[in-house]
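The next block holds one structure in the form of structure tokens; read it before the comments.
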Amino acid sequence: MRSVLIAGSAVAVLVAAGAITYAVAGEDGDGAGAVPGAGSADAGFARDMAVHHQQAVEMSYIVRDRTKDADVRRLAYDIAQTQANQRGMLLGWLDLWGLPKVSADPPMTWMGMGDMASGKDGSLMPGMATNTELKKLATLNGKQAEIFYLQLMTDHHKGGIHMAEGCVAKCTVGVEKSLAQGMVDAQQSELTTMAQMLKERGAEPRD
């Protein structure tokens, strides 16, 4: 039943994402009248979350090759598909706005956190796994891989939620704020699911 709910949630997010993309491209109200600037929260969130999401996709595909557990593989597939779709939307908006996909500013500058320590071993933003952790995940199998993936993704979701809440508070494009709130809601639900999955495996989140 849990797997069905996870899959259903992912489908709902993807359907909503498609509707939001169309709204940004086609509306003549809030989204089209005022294009955000390159240094805006809207652009900063789109750039940073696209990078954040890409790592979640990578981790999810790694674990699908390291375990045969149906629930973990289904969760990983749902996360990969949902976040890849959202990443495409975020990058598409930057194209639509005529803004660069990279910035000379440090990550999280749009949240007032540009002076934080970043980039250590590939962990560019809160919640992101290090290169060492990704390499470790790729060496594990079965239950060990499942536990480590769930722990890494728990940290990743917590960092993603923090960023998405920042967009809800600071972004000005209505549909982007709506997408960010949808990320918060969906990832909080997945945190609950992952905590239960860790418990079933005799483990718990790392912090």
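The values are calculated or read from the model by the stated rules, or taken from the named source; none is laboratory data. Quick caveat: nothing in here was measured; it's all calculated off a predicted structure. A quick note on method: Cβ atoms are made from the backbone with ideal geometry, for glycine too, and the neighbour counts reach across all protein chains shown. Protein only, heavy atoms only, side chains kept; ligands, DNA and RNA dropped before computing areas. Shrake-Rupley method; radii C 1.70, N 1.55, O 1.52, S 1.80 Å.
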Note to self: Just the residues that are buried (at least 16 other Cβ atoms within 10 Å of the Cβ), free of Cβ contacts under 8 Å to residues at least 60 places away in the same chain and not in a loop (DSSP other than H, G, I, E, B), please, taken from the range 111-147.
What the structure shows: Ser123, Glu133, Gln144, Ile147
Checklist line | The listed residue being of a type in the set (D, E, K, R) and closer than 21 Å to Gly44 by Cβ, out of Asp155, Asp95 | finding: Asp95
Margin query: Against the conditions (1) over 15 Å from the mean Cα position of the chain (by Cα); (2) assigned to a helix (DSSP H, G or I), where does Thr172 fall short? Just the number, please.
Written below: (2)
Notebook entry, point to check: Given the residues Leu152, Leu90, which is the only one that is touching a residue at least 12 places away in the same chain (Cβ under 8 Å) and farther than 28 Å from Asp71 by Cα?
Noted result: Leu90
Notebook entry, point to check: Counting just the residues of the range 161-207 that are β-branched (Val, Ile, Thr) and open to solvent by less than 20 Å² (accessible area, probe 1.4 Å), which one comes out farthest from Ala50 (Cα to Cα)?
Noted result: Val173
Check: Out of Leu75, Leu96, which single residue is open to solvent by less than 50 Å² (accessible area, probe 1.4 Å) and at pLDDT 95 or above?
Finding: Leu75
Item checked: Test: residue in the range 51-70 that is more than 19 Å from the chain's Cα centre (by Cα), within 25 Å of Ala34 (Cα to Cα), open to solvent by less than 60 Å² (accessible area, probe 1.4 Å) and not hydroxyl-bearing (Ser, Thr, Tyr) -> no
